[in-house]
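Novice: The structure that follows is given in the form of structure tokens.
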Amino acid sequence: MDELDSAILAHLQRDARQTNRELAAAVGIAPSTCLERVRALRASGVLTGFHAGVDLAALNRHVQALISVQVRPLNRGVIEGFKSYAAALPEVLSVYVVAGRDDFLLHVAVPDVDAMHNFLMDRLSGRREVVGFNSSVIYQHTRNPVITPLADQHPG
């Protein structure tokens, strides 16, 4: 990836609906070159897709939380089984398998605090492999809209 690829990525992350001609003009290259670069970014796996932003409150998901979960016994079968279970729940937005005291971090969004309580009691506490969980309600969320490559941090 070079500076031109980085510029293309930044513009696409801000507005993926722009035309190739608009993108090319924004980064100062010919449309054919731009199209070739975007195709190469997709082929190399840097660009993984184009997504629509969704307002969770408009979908009756006013309360969000991060829920840390500990499971036992700690083995591949239990990890994979719980990961599949959690990812299939409609309240769950993301599932992270993590290292440290907790084994999972779930990002969930529900209509209200009663629904959050029900989720915790009905979906988590009844699972045999879940030995503990902790919820942190999200009051505000800020996301960096543009992800840029980092310079190689390794000396040498």
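Novice: Would segment 112-130 turn up any residue that is under 20 Å from ALA57 (Cα atoms), surrounded by fewer than 12 Cβ atoms within 10 Å (Cβ to Cβ) and basic (Lys, Arg)?
Specialist: No - not one qualifying residue is present in segment 112-130.
Novice: Which residue is nearest to the chain's Cα centre (by Cα), if the candidates are limited to segment 107-155 and must be more than 21 Å from TYR85 (Cβ to Cβ) and assigned to a helix (DSSP H, G or I)?
Specialist: Among those residues, the one meeting the criterion is VAL113.
Novice: Taking the condition touching a Leu at 6+ places or on another chain (Cβ under 8 Å), among the small types (Gly, Ala, Ser), surrounded by 10 or more Cβ atoms within 10 Å (Cβ to Cβ) and in a strand (DSSP E or B), does ALA86 pass?
Specialist: no
Novice: With the requirement that a residue be charged (D, E, K, R) and either in a strand (DSSP E or B) or more than 15 Å from SER136 (Cα to Cα) (or both), what does segment 92-106 give you?
Specialist: Across segment 92-106, the qualifying residues are ARG101, ASP103.
Novice: Just give me the residues in segment 1-40 being farther than 17 Å from ARG143 by Cβ and in contact (Cβ under 8 Å) with a residue 40 or more places away in the chain, in sequence order.
Specialist: Selection gives MET1, ASP5, SER6.
Novice: If you take the residues in segment 64-80 that are of a type in the set (Val, Ile, Thr) and over 10 Å from ASN134 (Cβ atoms), which one is least open to solvent (accessible area, probe 1.4 Å)?
Specialist: VAL71
Novice: Here is a list of conditions, (1) surrounded by 14 or more Cβ atoms within 10 Å (Cβ to Cβ); (2) farther than 30 Å from VAL131 by Cα, and ALA43 meets all of them except one; can you say which number that is?
Specialist: (1)
Novice: Any idea which of ALA10, ALA25, ALA52, ALA57 is out of contact with any helix residue (DSSP H, G or I) (no Cβ under 8 Å at 6 or more places or on another chain) and either loosely packed, with under 11 Cβ neighbours inside 10 Å or hydroxyl-bearing (Ser, Thr, Tyr) (or both)?
Specialist: Unique residue meeting the criteria: ALA52.
The values are calculated or read from the model by the stated rules, or taken from the named source; none is laboratory data. This one's a predicted model, so the numbers in the text were calculated from it and none came from an experiment. As a convention, Cβ positions derive from the backbone with ideal geometry for all residues, glycine included, and neighbour counts pool all protein chains shown. Remember, those area values only see protein heavy atoms, side chains included, never the ligands or the DNA or RNA. Shrake-Rupley method; radii C 1.70, N 1.55, O 1.52, S 1.80 Å.
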